[in-house]
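Novice: My questions all concern the structure below.
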Ligand code: ARG
């Protein structure tokens, strides 16, 4: 039963289609106000009446029935109450039947979304600063797929620049293939840091590095072999972490992939009269738009980060014909994206409006700053492993007889890190705290996972009873859970629309909390078959919905905890 559709069709407004009315219908935050509401403010212009009057007129002419039991006008809102028994029966049946697909939709069918995320730099450690882009981007990929979109996850690798010349110099002077194979990113970081220390004393090293960078660009065999070794090592290392976080990519086309795709862009910019020479460099003047110029070519003719991003956007449009192309990148790059989007618009690419910078805030640990050059970084792998260790300690203390403790600790620890990063509005800076993300009673992943485990244990212990759709008188705690369950599909859509996975973390917390109140208030293993079947159906539906919510975030559930 699609209640929104039902209400929209029943309202039967001449001036609006049922789809339009559907898109206006909201679920009010408090369910004593009603189960659905139509805000009449936006209708005011179309219907040429004040919102309050519209709501009153519509309420007066609406005939309630077995499905919609009440319709009333309150301050410009038209509130509907559904027949709760009918609503509960249909919803629970739907959830039990759709199971892992509950909450999904095909509203994105035929549309492709490109998501540029994680986008790490080769030979650099994968540190806590990469957590947000990786888990926000990973969640958005899953959310859009769940809504029927085709998703292309892109890791726009930072694999171009003079730093690779520096690495080759450092490698030849102070390292070996064996050392790099053995100590991996640690070794690459070690020699990179050493290079900067040594180059301060001997600036000729910088010239040598530029020389080697040019060799890479010109296809020199040895330099490219070393560069590819660095690339291979980096990707192997980060792949381990991607596995833990359940993120995957469809493309690893990084900056160097666009080496041969920039000339046509430069030509087009010239042709369209957009390039200006400024101090020998070629730039696009963005002064009329209140921005500094966008650098396209340095005075020596070499290209820049922006040039590559412009070429990448054109390539992605041509290759994937995207409906939207998202860039999940920290807000420090706000200006960069505003500039390249503007340049593409000036080039006449009407699709520039479909490029979206999904900006997010910084993550730091409680003890302060990091810098790759000085080698002071907090590795993401260490943070995840430490959280897993701490989770294991909590489990040892709270439930020492739990089978498969290691695996549970892994799912709980990794989940805590992901959920912790997705818990707040993405633009907020966050200070990561082990104790906070692992607080079993807080607004955390362990709390949600624990709720799922609690559902499992109820389902396992309670004598079976088939839910037929028959529903008894519904109590407040029961209805609170049911109302929450019914919102999931809309929450997933809103999360996609606002590029905000935190809608899903928040939702999971609300649903878990409603469930736990219900669990305290209502006995589930009751004698009465119909009542037991109904309550068990609620428990199973909560388990399904929380599992689906966590899965969209890349988080596993556990059987027991
Ligand atoms: N590698 C870049 C960095 O670490 C992020 C790249 C983001 N994606 C892009 N298309 N510019 O800052």
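The values are calculated or read from the model by the stated rules, or taken from the named source; none is laboratory data. As the structure is a prediction and not an experimental result, all values here were calculated from the model. Glycine gets a Cβ as well: all are built from the backbone with ideal geometry, and neighbour counts include every protein chain shown.
Novice: Of all residues in the stretch 143-158, count the ones that are in contact with a strand residue (DSSP E or B) (Cβ under 8 Å, 6 or more places away or on another chain) and more than 12 Å from the ligand (Cβ to nearest atom).
Specialist: Going through the stretch 143-158, the residues in contact with a strand residue (DSSP E or B) (Cβ under 8 Å, 6 or more places away or on another chain) turn out to be 144-145, 149-158.
Applying the additional criterion that residues be more than 12 Å from the ligand (Cβ to nearest atom) yields 144-145, 149-153.
Matching residues across the stretch 143-158 total 7.
Novice: Right, here's the next one. Within the stretch 242-265, can you find the residues that are more than 16 Å from the ligand (Cβ to nearest atom), within 19 Å of residue 134 (Cβ to Cβ) and either in a helix (DSSP H, G or I) or out of contact with any strand residue (DSSP E or B) (no Cβ under 9 Å at 6 or more places or on another chain) (or both)?
Specialist: Here is the first cut: in the stretch 242-265, the ones more than 16 Å from the ligand (Cβ to nearest atom) are 243-246, 248, 260, 263-264.
Those still in the list that are within 19 Å of residue 134 (Cβ to Cβ) too: 243-246, 248.
If the condition is that a residue be more than 16 Å from the ligand (Cβ to nearest atom), within 19 Å of residue 134 (Cβ to Cβ) and either in a helix (DSSP H, G or I) or out of contact with any strand residue (DSSP E or B) (no Cβ under 9 Å at 6 or more places or on another chain) (or both), then 243, 244, 245, 246 are the ones that fit.
Novice: Any chance the stretch 183-190 includes a residue that's in a loop (DSSP other than H, G, I, E, B) and either surrounded by fewer than 22 Cβ atoms within 10 Å (Cβ to Cβ) or at pLDDT below 95 (or both)? Steps first, please.
Specialist: Going through the stretch 183-190, the residues in a loop (DSSP other than H, G, I, E, B) turn out to be none.
Scanning the stretch 183-190, I find no residue that is in a loop (DSSP other than H, G, I, E, B) and either surrounded by fewer than 22 Cβ atoms within 10 Å (Cβ to Cβ) or at pLDDT below 95 (or both), so the answer is no.
Novice: A further question on this structure: State yes or no: is residue 494 in contact with a strand residue (DSSP E or B) (Cβ under 8 Å, 6 or more places away or on another chain) and in a helix (DSSP H, G or I)? Give the derivation first.
Specialist: Numbers: in contact with a strand residue (DSSP E or B) (Cβ under 8 Å, 6 or more places away or on another chain): no; in a helix (DSSP H, G or I): yes.
Considered against the rule, which asks whether it is in contact with a strand residue (DSSP E or B) (Cβ under 8 Å, 6 or more places away or on another chain) and in a helix (DSSP H, G or I), residue 494 comes out as no.
Novice: Listed residues 455, 462; which is in contact with a helix residue (DSSP H, G or I) (Cβ under 9 Å, 6 or more places away or on another chain), touching a residue at least 40 places away in the same chain (Cβ under 8 Å), buried (at least 20 other Cβ atoms within 10 Å of the Cβ) and closer than 29 Å to residue 398 by Cα?
Specialist: On the way: 462 fails: buried (at least 20 other Cβ atoms within 10 Å of the Cβ).
455 is the lone residue from the list that is in contact with a helix residue (DSSP H, G or I) (Cβ under 9 Å, 6 or more places away or on another chain), touching a residue at least 40 places away in the same chain (Cβ under 8 Å), buried (at least 20 other Cβ atoms within 10 Å of the Cβ) and closer than 29 Å to residue 398 by Cα.
Novice: For the stretch 49-103, what are the residues that are at pLDDT 95 or above, within 35 Å of the chain's Cα centre (by Cα) and surrounded by fewer than 19 Cβ atoms within 10 Å (Cβ to Cβ)?
Specialist: If the condition is that a residue be at pLDDT 95 or above, within 35 Å of the chain's Cα centre (by Cα) and surrounded by fewer than 19 Cβ atoms within 10 Å (Cβ to Cβ), then 93, 94, 96, 97, 98, 99, 100, 101 are the ones that fit.
Novice: How many residues are outside any strand (DSSP E or B) and within 30 Å of residue 186 (Cβ to Cβ) when one looks only at the stretch 104-153? I'd like the intermediate steps shown before the answer.
Specialist: Step one: filter the stretch 104-153 for residues outside any strand (DSSP E or B), giving 104-111, 117-120, 122-126, 128-149.
Then keep just the ones that are within 30 Å of residue 186 (Cβ to Cβ); that gives 117-120, 122-126, 128-139, 141.
Going through the stretch 104-153 one residue at a time, the tally reaches 22.
Novice: Could you check how many residues of the stretch 109-122 are away from the ligand (no atom under 12 Å from the Cβ) and surrounded by 21 or more Cβ atoms within 10 Å (Cβ to Cβ)?
Specialist: Narrowing the stretch 109-122 to residues away from the ligand (no atom under 12 Å from the Cβ): 109-113.
Restricting the remaining residues to those that are surrounded by 21 or more Cβ atoms within 10 Å (Cβ to Cβ) gives 113.
Of the residues in that region, 1 qualify.
Novice: Just to be sure before I move on: is residue 161 surrounded by 14 or more Cβ atoms within 10 Å (Cβ to Cβ) and part of a helix (DSSP H, G or I) in the structure I sent? Explain how you work it out, then say what you get.
Specialist: Values: surrounded by 14 or more Cβ atoms within 10 Å (Cβ to Cβ): yes; part of a helix (DSSP H, G or I): no.
When the stated conditions are applied, residue 161 does not pass them.
Novice: Now for a separate question. Out of the residues in the stretch 328-346 meeting the condition of being in contact with a helix residue (DSSP H, G or I) (Cβ under 7 Å, 6 or more places away or on another chain) and without any contact (Cβ under 8 Å) to a residue 60 or more places away in the chain, tell me which one is farthest from the ligand (Cβ to nearest atom).
Specialist: Among them, the one singled out is 345.
Novice: Need the failing condition index for residue 514 against (1) in contact (Cβ under 8 Å) with a residue 60 or more places away in the chain; (2) part of a helix (DSSP H, G or I), just the number.
Specialist: Condition (1) is where residue 514 drops out.
Novice: Of 499, 479, which residue is in contact (Cβ under 8 Å) with a residue 40 or more places away in the chain and touching a strand residue (DSSP E or B) at 6+ places or on another chain (Cβ under 6 Å)? Before the answer, list the steps.
Specialist: On the way: 479 fails: touching a strand residue (DSSP E or B) at 6+ places or on another chain (Cβ under 6 Å).
From the options 499, 479, the qualifying one is 499.
Novice: What about residue 161, is it away from the ligand (no atom under 13 Å from the Cβ) and in contact with a strand residue (DSSP E or B) (Cβ under 9 Å, 6 or more places away or on another chain)? I'd like the intermediate steps shown before the answer.
Specialist: Numbers: away from the ligand (no atom under 13 Å from the Cβ): no; in contact with a strand residue (DSSP E or B) (Cβ under 9 Å, 6 or more places away or on another chain): yes.
Considered against the rule, which asks whether it is away from the ligand (no atom under 13 Å from the Cβ) and in contact with a strand residue (DSSP E or B) (Cβ under 9 Å, 6 or more places away or on another chain), residue 161 comes out as no.
To keep it simple, each residue is scored yes or no on (1) in contact with a strand residue (DSSP E or B) (Cβ under 7 Å, 6 or more places away or on another chain); (2) surrounded by 14 or more Cβ atoms within 10 Å (Cβ to Cβ); (3) closer than 30 Å to residue 555 by Cα.
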{"position": "240", "(1), (2), (3)": "no, no, yes"}
{"position": "300", "(1), (2), (3)": "no, no, no"}
{"position": "304", "(1), (2), (3)": "yes, yes, no"}
{"position": "307", "(1), (2), (3)": "yes, yes, no"}
{"position": "318", "(1), (2), (3)": "no, no, no"}
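Novice: Let me spell it out: the conditions are (1) in a helix (DSSP H, G or I); (2) in contact (Cβ under 8 Å) with a residue 40 or more places away in the chain; (3) touching a helix residue (DSSP H, G or I) at 6+ places or on another chain (Cβ under 7 Å); (4) surrounded by 19 or more Cβ atoms within 10 Å (Cβ to Cβ), and residue 195 meets all of them except one. Which number is the exception?
Specialist: Result: residue 195 fails condition (2) only.
Novice: Name the pairs: first residue in the stretch 251-265 and under 24 Å from residue 141 (Cβ atoms) and in contact (Cβ under 8 Å) with a residue 12 or more places away in the chain, second residue more than 12 Å from the ligand (Cβ to nearest atom) and not in a helix (DSSP H, G or I), Cβ to Cβ under 7 Å, at least 6 apart or on different chains?
Specialist: Cβ pairs passing all conditions: 251/152.
Per-residue answers, yes or no, for (1) within 27 Å of residue 503 (Cα to Cα); (2) free of Cβ contacts under 8 Å to residues at least 40 places away in the same chain:
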| site | (1), (2) |
| --- | --- |
| 378 | no, no |
| 383 | yes, no |
| 394 | no, no |
| 416 | yes, yes |
| 424 | yes, no |
| 427 | yes, no |
| 430 | yes, no |
| 436 | yes, yes |
| 441 | yes, yes |
